[in-house]
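Report on one structure; see the data block that follows.
Values quoted throughout were computed directly from the atomic coordinates according to the rules given, and no laboratory measurement underlies them. Here the structure is a predicted model, which is why all the values come from computation and not from measurement. Counting neighbours? That spans all protein chains shown, and the Cβs are built from the backbone with ideal geometry, glycine included.
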Amino acid sequence: MSDAFTVLWTHDTCRALRKAGRVGERPPVAFSGIHSSLPAWTGARAGDEVYALHVNRCEVFLVSRLRVIDLERRACCGTPPATWEDPAYSGHGDWSMLGADGCGAVAVHVDATPVRFDVPIPGELLARPTWRNRRGQTRSLKHVVDGRLERSVSLQGFYRLTSESADESAEVVTSALS
């Protein structure tokens, strides 16, 4: 059975997506890293879904749903860099803002919904999502006040959703695409 995760895309990432004209396009790739500047997609495998989130003015937005295809370097990634100055994934220059130049970046090929910044997660749902760690312990989103997210610190990272929260996230995507 596949799992579902969340990843928070920063203001810088989302600003770069807008500036590059990627809104409405489907990213073919995202990037995982080994440094805290780039979320490590630990535990993700082919078939898993990742919900890319963005927080703006205390509202949480669902930017894209990415279904993992593989975590392999392919021909589409371009030639591996010969020196440290060369781009790590020259074949994915259009999507480099998703972390191609991050420390130890690894390409994660995905089948994604178009990038959007107009799908807010309803405030009443913000108190309900739960995540579980590898030991089965669950946690919920902190700093939710009156349906608004006061601080995004508990979203920063790459986290596995519980099956109930994954189902609710899927419903938000389905209704947004309808």
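Conditions tested, residue by residue: (1) touching a residue at least 12 places away in the same chain (Cβ under 8 Å); (2) of a type outside the set (D, E, K, R).
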{"site": "Ala82", "(1), (2)": "no, yes"}
{"site": "Ser90", "(1), (2)": "yes, yes"}
{"site": "Asp94", "(1), (2)": "yes, no"}
{"site": "Val108", "(1), (2)": "yes, yes"}
{"site": "Leu126", "(1), (2)": "yes, yes"}
{"site": "Gly136", "(1), (2)": "no, yes"}
{"site": "Leu141", "(1), (2)": "yes, yes"}
{"site": "Val144", "(1), (2)": "yes, yes"}
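What are the residues in segment 156-178 that are closer than 20 Å to Val115 by Cβ and either touching a residue at least 12 places away in the same chain (Cβ under 8 Å) or surrounded by 16 or more Cβ atoms within 10 Å (Cβ to Cβ) (or both), if any?
The answer is Gln156, Phe158, Ser169, Ala170, Val172, Val173, Ala176, Leu177.
Within segment 104-123, track down each residue that is closer than 30 Å to Gly147 by Cα and either in contact with a His (Cβ under 7 Å, 6 or more places away or on another chain) or in a loop (DSSP other than H, G, I, E, B) (or both).
Selection gives Thr113, Pro114, Val115, Arg116, Phe117, Asp118, Val119, Ile121, Pro122.
Can you pull out the residues in segment 1-32 that are part of a loop (DSSP other than H, G, I, E, B) and in contact with a strand residue (DSSP E or B) (Cβ under 7 Å, 6 or more places away or on another chain)?
Within segment 1-32, Ser2, Asp3, Trp9, Arg26, Pro27, Pro28 qualify.
Give me the residue from segment 109-135 that is out of contact with any helix residue (DSSP H, G or I) (no Cβ under 9 Å at 6 or more places or on another chain) and among the aliphatic types (A, V, I, L, M) and, out of that set, surrounded by the fewest Cβ atoms within 10 Å (Cβ to Cβ).
Among those that are out of contact with any helix residue (DSSP H, G or I) (no Cβ under 9 Å at 6 or more places or on another chain) and among the aliphatic types (A, V, I, L, M), it is Ala127.
I'm trying to understand the selection: among the residues of segment 81-103, which are outside any helix (DSSP H, G or I), more than 17 Å from the chain's Cα centre (by Cα) and of a type outside the set (A, V, I, L, M, F, W, C)?
Answer for segment 81-103, where residues must be outside any helix (DSSP H, G or I), more than 17 Å from the chain's Cα centre (by Cα) and of a type outside the set (A, V, I, L, M, F, W, C): Pro81, Thr83, Glu85, Asp86, Pro87, Tyr89.
May I ask you to list the residues in segment 89-107 that are under 22 Å from Ala46 (Cβ atoms), surrounded by 15 or more Cβ atoms within 10 Å (Cβ to Cβ) and not aromatic (Phe, Trp, Tyr)?
Going residue by residue through segment 89-107, those that are under 22 Å from Ala46 (Cβ atoms) are 89, 91-92, 95, 98-100, 102, 104-107.
Keeping just the survivors that are surrounded by 15 or more Cβ atoms within 10 Å (Cβ to Cβ) gives 89, 91-92, 95, 98-100, 102, 105-107.
Hits for segment 89-107 are Gly91, His92, Leu98, Gly99, Ala100, Gly102, Ala105, Val106, Ala107.
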